[in-house]
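The structure under discussion appears below in the form of structure tokens.
The values are calculated or read from the model by the stated rules, or taken from the named source; none is laboratory data. Every value quoted in this text rests on a predicted model; they were computed, and no experiment measured them. Note: ideal-geometry Cβ built from the backbone for every residue, glycine included; neighbour counts use all protein chains shown. These accessible areas exclude ligands, DNA and RNA; they are computed on the full protein's heavy atoms, side chains included. Shrake-Rupley method; radii C 1.70, N 1.55, O 1.52, S 1.80 Å.
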Amino acid sequence: MNEKAEKFLKSMHILGNKYIYIVLLVGVVFMLFAGGNQSAEKVEEPAGESFSEAQILEETISKIKGVGAVSVMVTYYSGVENDLAFETKKSSNQKEADGTVLDEESIDTKAVMSDGAPVVVRKLYPEVKGVVVVAEGAGDVKVKKSIQDAVVTALDVAVHKVCVLEKNQ
């Protein structure tokens, strides 16, 4: 170390404990770059997948008696989140400095990787915000009720979050 740095450290009474501060600094830097201890990372869904649920629902609803052409829009509160697997290593040391015993503990957390990609423990699918169904035949009360029941059952969503409208002809 140069003289100016040593004078600064001595004036701060840090020189005797510099290893503690180095370990803490390295830990803080690691947490900043590694994302800390977050266990869920938000991942955007590919465009093709986001419509598959609506497309399947459209096909199913169009098979209901009295229903013709159908369009379905499903909105969500958020995107799909992946819960990643993390490996945590914990180490502790005891050092004696100036007659006092210091306990140093460090925790190293990093995502488990497989073939260059993080290991996904589970996918967390978002909550449905609302569903709009526009269908031929929805002007009939019985058909409208059947469509609404199908959507409520398929998406496990409350009835008040489903809007069924009659399609222009």
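The table for this structure:
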{"quantity": "Length released on extending from ASN93 to LYS63, taking residue separation times 0.36 nm less the Cα-Cα span", "calculated": "4.0 nm"}
{"quantity": "Cα gyration tensor of the range 80-169 - equivalent ellipsoid semi-axes, whole Å, descending", "calculated": "59, 15, 9"}
{"quantity": "Heavy atoms of ILE56 accessible to a 1.4 Å probe, total area in Å² rounded to 10", "calculated": "110"}
{"quantity": "Length released on extending from LYS167 to ALA111, taking residue separation times 0.36 nm less the Cα-Cα span", "calculated": "15.3 nm"}
{"quantity": "Per residue accessible area of the range 93-169, 1.4 Å probe, in Å²", "calculated": "70"}
{"quantity": "Förster radius 22 Å - calculated FRET efficiency between VAL120 and HIS160 (Cβ-Cβ, nearest 0.05)", "calculated": "0.10"}
{"quantity": "FRET efficiency estimate (nearest 0.05) - Cβ-Cβ, GLU53 to VAL101, R0 45 angstrom", "calculated": "0.15"}
{"quantity": "Inter-site label distance for ASN82 and ASP149 at 7 Å from Cα along Cβ, in nm", "calculated": "4.1"}
{"quantity": "Members of LYS90/LYS123; LYS63/LYS144; LYS123/LYS144; LYS63/LYS145 lying beyond 24 Å, as alpha-carbon distances in this model show", "calculated": "LYS90/LYS123; LYS123/LYS144"}
{"quantity": "Accessible carbon and sulfur surface of the range 45-169 relative to its total accessible area, %, 1.4 Å", "calculated": "51"}
{"quantity": "Full-stretch length increase - GLU127, LYS142 - with 0.36 nm per residue and alpha-carbon distance subtracted", "calculated": "2.6 nm"}
